[in-house]
Each structure stands twice: as structure tokens, then as C-alpha cells.
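Beneath this line is the structure, given in C-alpha cells, with notes to follow.
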Amino acid sequence: MAMDQLPAELLISIFSLLRRHDLANIVRVSSTFHAAAQQPLYHHVHFTSELPSITATLTMLKSNLELASKIHHAILTTDLRTSFKMAQEGTLWMDPDALVGCVNLRSLDLDELPFLLAKDQLAFSKTLRNRSPLLKSVTIRTCNPVSVLPSEVFQLSFKAIEKLELHTQYYGKSPSELLTALQFSHDTVTHISFRGKPACHELFDLRLPRLLSLELGSLFYLKPEVIESTRTSLTEFLIAHPTLTHLSLGRTRYCEGPSRLWQLQYSILTPEVLPALASFAGFSPNLKDTLEFGVRSFRALTSLSLSHYTREKSMASRLHTMKNAGECFPLLTRLTVIIEYSSPSENASDLVLDFLKAIAGVCPAVVDWSGNLTPINNHVNAAIFSRKEDVVSTFSSYENLKSISFPIETVYAFTPSPEKDVECLRPFALACPLLEYIRAQKRPYTQSLDNIFCLKRGEDGGLVSVVVEEVHN
């Protein structure tokens, strides 16, 4: 049977596995391929104000309602320089009703707000409210300080919204203004995420009965007195939301010390808080405190992302104490370790290795491990990678480990040339008998692919060969 004679559903399924560049070629092959490839090709779209043909593209989309109906996920990227220039000229890079045909739109990602004028924002939000009833996820990234966002103008009042993600910078609109303006339904939202400045009391005063995931932004821009005042309100918010399965108190901080960490008010915290919690991202002091105060759900985590400053010795001590007492995280299968480096010290590499060993000792069930150890641009990492055997030994406690993910620089520090892959990666294979692959993660914001080093073992479990594959992240 010729391929163009296959059922349309099967062709769509096959084409959905291809990259957009390939799909753009597939639609030109035949009328059959054109019809089948259109759905995966337009399933995800990205419109940017810098695209030379953007006006013609959006005009075509507005007139072709059948094509617009195929769009499920849309990203709109607005270059601020272009936006300001066009506003001065009285023109727009996209019409407020450009998405009028997107009746099946599920998610919308606004990289900067596409309109500066209130009347255009109002028309845009009305179009989405009236024409995209299936929209469930909204992400807004903005650092524009002059965006007009009064709540009576920009109202994305969708009853079905489930996921809300706000990325704001110091000079942009505050998340509090965005949170007020979005007018989301408290009864349906399940995911809220902040990047950059967080909304504190405006969020913590809400009650969201279906909330499953909460990710809080950085405290870097908040005054110390505001930070201290959030402790009680945050803790009360968590107590009032027993449905939470994922909580992030941040992944990166800009300086050491508790003054830049989300903190809980342990005087009102009970061991029964967050009974459904399965995933946590935060910092060593957060984890240490919850363990000290006996929050039971943290012992039952299945996923943990932990940022650790090298000088925070008390966390390693607490983990060693847990191991000596026969305690552990028995259900933890996914672990991410982010090492943040303190000011230079002679024993910094010892502190890092001690922490890696300590956390390995209480996480026997981990299957997927990822970390940020890199051998360059840091005196501590340079010292660590002069002790590769010690680094490998920290993984020997992970009896069920199947995958390790490092930055690409780390992997190539271990195995600098293809002909040495087997020799250089054999220590990992010996330390972790179930290890299947090591992932070399590309640098953020680059077009390169991740490299997967697949470990091929013989009948006796020994490493026989290494096969390297390139994959998308």
C-alpha cells in the first residue's frame, strides 16, 4: 500500500512525530499529505512581530477559519522596540481580532503584551473570551513598564482557565496587577506559577479549591519587612490548600542567607500540612526546617529539586543524621541537585562532595538524577573534577539509578573523546548497575541538541559499548 493511501488518522499520527521544518516540506508533496500534515503543522504556532511576513500571515489566518481552527497552542512574541515604534505611527503588528478563528485554542503564551493601548487590549481580550472557550492555560511574560493593565480593560475572564503563569521583571508590571487584571476563575485554576517578582498577599488571600501546583517567584525585589510579613500568610495559604501536589519555593537566589528565602511560620505549621504533596522545589534550609518540624508529606516526596549553597553545612549534617537513624526518602525517584557556590574557601570541593554523598545516602529509590556540576568557569568545580573518582563514588548509593543528566560540559570533562567513552564511563556503570544512559544537556537558549550516552551492557552487566544519540530536550 502506498503511503498516501493510508487512513488520514494514521498519516496525522505519523506526521505528528516530525519537526516543523519537515512538515513544511511534507505539505508540498501531494494533496493527501497536505491535508494530513496541516493539523500537526498548525497545532503549535509562534507569531512574532519581527517576522517580515507577519501581517500577511495573520491576514490569511483571519480569513481562513478552517486553518485557524487547527491551532491549539499559540505563542505571540512582541518586540518592544517594534511595538513602541508602531504605536507612535498609529499601527499594529497584529489586529486585536487576529485570533478570531482559533476556536480550539487551548494555551496562549504572550511574550510581552501585543498591544499598548487600552482599546486594543480590550478588543483582544473580548475576542479571546468570545471565540476561544477551550482556553485553559495562559502564560504572560512582561518587562514593559508602560503596559496599560487596569482590571476593567484587560480581563481574561475564562471560566475554564486551569493554568496561570506570570513572568515579570523589576521594571515590568507587578504580578499583583496582572493577577487582578486576569480575573481568572478561582474554582477551576489548578496551576499558578510566578517567575521574577511574586504576588504575595494578593495571592495568599485567595482560596483556590482545585489548586494542584504552586510555584513562587524570587524574593530579590521585595523589601525585608515585606518578606517577613509573608511567612504567616504563606503558611496559612498552604494549610488552606491540602490539594497541592507540587510546591516550588524557588530554584535560584541571588545571595546567601534566609532573608532571601521563602520561609514558613513553623509555630502554626502542623505535621499534617500538605498531605497530597509529592513534588517539591526549594532550598536546603526549606527542606531542613520541614524535616525538623516533622512535616510528614516531605518524607513521602517522589520528586525533589534542591538548591544548595556550599557553606550550608547543616543540611549535610541533617542528612547524615537521617541515614544513621535508618531514615530516608523511600518514595523519591526523581532528584535534581543545584549547587550554588559561596565565596571561595579552601575546602569548598570537600563540602560539595560531602553534600552529594549525604543526599545520596537517604535517597535509595532514585531513578532519575540531574545536577548542575560543571568543570569550567569555577574554581570549586575545577577542584571537584580533579577528583573524578570521588564524584563517581557519590552515585554508588543509588541502587536503582537508570539515568544521570549533567550539563554537556560535565559529560565531556569525563569523556573528552569518542574513543574513550567506554573507558571513561565504565566507573559510572560499575557504581550504578542499573544505569542505562547519561544525558549531556545543551546550554540554555541554544539551538544545539542534547546528547544521550546509551550504555550497552553484556550478559554479565559489564559495559560493552557506548552509543551516542542526539535528541531534543
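From the phi of every residue in region 91-106, what ³J(HN,Hα) in whole Hz does the Karplus formula 6.51 cos²θ - 1.76 cosθ + 1.60 yield, where θ is phi - 60° and glycine or proline is x?
10, 10, 7, 8, 6, x, 9, 4, 9, 4, x, 7, 6, 10, 4, 9
Could you tell me which of the pairs Lys70/Lys126; Lys85/Lys163; Lys62/Lys136; Lys323/Lys456; Lys70/Lys402 are separated by over 27 angstrom between their Cα atoms in the structure shown?
Violating the 27 Å Cα-Cα cut-off are Lys85/Lys163; Lys323/Lys456; Lys70/Lys402.
Which residues' amide hydrogens lie under 5 Å from the amide hydrogen of Arg457, considering only partners 5 or more residues apart or on another chain, with H built in the peptide plane?
Val464
Any idea of the accessible area per residue across region 80-135, 1.4 Å probe, to the nearest Å²?
Value for region 80-135: 46 Å² per residue.
Quick one: Cα centre-to-centre distance for region 414-465 and region 68-132, in angstrom?
So the separation of the two Cα centres works out to 45 Å.
Out of residues 5 or more away from Ser370 or on other chains, whose amide H comes under 5 Å of its own, with H placed 1.01 Å from N in the peptide plane?
Leu335, Thr336, Val337, Ser405
Based on the Cβ-Cβ distance of Val103 and Phe293, what FRET efficiency does E = 1/(1 + (r/R0)^6) give at R0 = 56 Å, to the nearest 0.05?
About 0.65, to the nearest 0.05.
In whole Hz, with x marking every Gly and Pro, tabulate ³J(HN,Hα) for region 46-62 from phi via Karplus 6.51 cos²θ - 1.76 cosθ + 1.60, θ = phi - 60°.
9, 9, 10, 5, 8, 6, x, 9, 5, 4, 5, 5, 6, 5, 4, 5, 5
Which cross-chain or sequence-distant (5 or more) residues have an amide H under 5 Å from the amide H of Glu340, H modelled 1.01 Å from N in plane?
Close amide H contacts, sequence-distant or interchain: His308, Tyr309, Thr310.
The values are calculated or read from the model by the stated rules, or taken from the named source; none is laboratory data. This one's a predicted model, so the numbers in the text were calculated from it and none came from an experiment. Glycine gets a Cβ as well: all are built from the backbone with ideal geometry, and neighbour counts include every protein chain shown. Please note that ligands, DNA and RNA were not included when accessible areas were found on the heavy atoms of the full protein model with its side chains. Shrake-Rupley method; radii C 1.70, N 1.55, O 1.52, S 1.80 Å.
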